[in-house]
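Readers should treat all values here as calculations from the given coordinates under stated rules, not as data from a laboratory. The structure presented is a predicted model; accordingly, all values stated were derived computationally and were not measured. FYI the Cβ positions are ideal-geometry reconstructions off the backbone, even for glycines, and counts take in every protein chain you see.
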Amino acid sequence: MIINTNVSSITAQEAATNTGKSIKSSLEKLSTGLKINKASDDASGLAIADKLRTQATSIDQGVANGNSAVTLLQIADKSMAEQSNILDTIKAKLIQANTDTTSTDGRESIRKDISKLLEQLDNIAEQTNYNGNVLLQASAGDTDADKAASASLSFQIGESKNDIISNASVQSNTSGLGSKDVYSEANGNNVFSATSTTTVASAGAITLNSTNTDGLSTQESVSLSGDVDSLTLKEGMTISNADAATTAILDAAVTAGNLTLGFGTRSTHISFRVPQSVPKVKTVKFHKH
């Protein structure tokens, strides 16, 4: 029996096979740019590499989230800068209206301009949004709920769930800034809804009916420069005439109130009780002599 064996050929074939495997591994590393491509290359090294690769991907996404947050804040910043310009214009117009060189018709024109500017300020708050998120108030709309403060937004900027940054809520509209419209009727009656002291230069009936966001009465005052037929007050409001040293104060209590009228150095104090069934808005009438 004869066995045909070519040792040299077998050795050459094995060497060629090993060389092919080595070339394949080298080409794989060259094509991927990675030293470890599979567990057979380095099992522990592959596990560490996969973890680092996942972490790098998460960080890249966090950076992208941060860039989106910067874009969002830039949009809000530009809108609020425009609102700031509107408020600067309103302040200038109020200073113009507060001088005696401005006529009554001029003040009425200024009042209309200010009302339009306040509407524009609210429109900016309603329309400023990023990807559907309204930034300067609760939501797009003109109701009290819409004009509430916006929700706080959170941005994940890292791999961990604790890598979060958030912004404070914003209420950049007339409600949040304490600005209200001023209305004037043709018959001389003036109805004010405001959170600051207001000056009226004409006779008539003045009605104050302002509340803050939680529905509680706020302290308010009006300076009277002419004869006034009647005053309608809510609890906690103060009315004064500096020239005649006449004041009328209504106590903030619901069931009882105090009214003080002063003329120069003399004053009269009246105490009264209000039944529970009577509304919380009272009317006080007086005339200057």
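Can you find even one residue in the stretch 66-89 that is closer than 30 Å to ALA138 by Cα and touching a Gly at 6+ places or on another chain (Cβ under 6 Å)?
No.
Filter the stretch 120-149 for residues that are closer than 16 Å to ASN167 by Cβ, of a type outside the set (A, V, I, L, M, F, W, C) and in contact with an Asp or Glu (Cβ under 8 Å, 6 or more places away or on another chain) and give the result.
Across the stretch 120-149, the qualifying residue is only GLN137.
Tell me which residues, restricted to the stretch 60-114, are touching a residue at least 24 places away in the same chain (Cβ under 8 Å), out of contact with any helix residue (DSSP H, G or I) (no Cβ under 8 Å at 6 or more places or on another chain) and within 29 Å of THR128 (Cα to Cα).
GLY62, VAL63, ASN65, GLY66, SER68, ALA69, THR71, LEU72, LEU73, ILE75, ALA76, MET80 - these are the residues of the stretch 60-114 that are touching a residue at least 24 places away in the same chain (Cβ under 8 Å), out of contact with any helix residue (DSSP H, G or I) (no Cβ under 8 Å at 6 or more places or on another chain) and within 29 Å of THR128 (Cα to Cα).
Just to check your reading of the model, which residue among ALA69, ALA97, ALA81, ALA76 is loosely packed, with under 11 Cβ neighbours inside 10 Å, under 54 Å from the mean Cα position of the chain (by Cα) and under 30 Å from GLN171 (Cβ atoms)?
Values: ALA69 fails: loosely packed, with under 11 Cβ neighbours inside 10 Å; ALA97 fails: loosely packed, with under 11 Cβ neighbours inside 10 Å; ALA76 fails: loosely packed, with under 11 Cβ neighbours inside 10 Å.
Of the residues listed, the single one that is loosely packed, with under 11 Cβ neighbours inside 10 Å, under 54 Å from the mean Cα position of the chain (by Cα) and under 30 Å from GLN171 (Cβ atoms) is ALA81.
Just wondering, is there one or more residues in the stretch 29-42 that are among the small types (Gly, Ala, Ser), part of a loop (DSSP other than H, G, I, E, B), out of contact with any Ser or Thr (no Cβ under 7 Å at 6 or more places or on another chain) and within 30 Å of ASP163 (Cβ to Cβ)?
yes
Testing LEU118 on (1) exposed (fewer than 15 other Cβ atoms within 10 Å of the Cβ); (2) under 30 Å from ALA145 (Cα atoms), one condition comes back false. Which one is that?
Against the list (1) exposed (fewer than 15 other Cβ atoms within 10 Å of the Cβ); (2) under 30 Å from ALA145 (Cα atoms), LEU118 comes up short only on (1).
Give the residue that is surrounded by the most Cβ atoms within 10 Å (Cβ to Cβ), with candidates limited to residues of the stretch 153-179 that are without any contact (Cβ under 8 Å) to a residue 60 or more places away in the chain and closer than 20 Å to ALA81 by Cα.
Going through the qualifying residues, I end up with ASN173.
Which count do you get for residues in the stretch 36-57 that are of a type in the set (Lys, Arg), within 22 Å of SER22 (Cα to Cα) and either loosely packed, with under 11 Cβ neighbours inside 10 Å or within 51 Å of the chain's Cα centre (by Cα) (or both)?
The number of residues fulfilling the criteria is 0.
Would you mention how many residues in the stretch 1-28 are part of a loop (DSSP other than H, G, I, E, B) and polar (S, T, N, Q)? Quick ask: steps written out before the conclusion?
Initial filter on the stretch 1-28 (part of a loop (DSSP other than H, G, I, E, B)): 1-6.
In the following step, the residues that additionally are polar (S, T, N, Q) were identified as 4-6.
Matching residues across the stretch 1-28 total 3.
Given the conditions (1) at negative phi; (2) in contact (Cβ under 8 Å) with a residue 12 or more places away in the chain; (3) within 28 Å of the chain's Cα centre (by Cα); (4) surrounded by 12 or more Cβ atoms within 10 Å (Cβ to Cβ), which single one is not true for ASN123?
It fails just one condition, (2).
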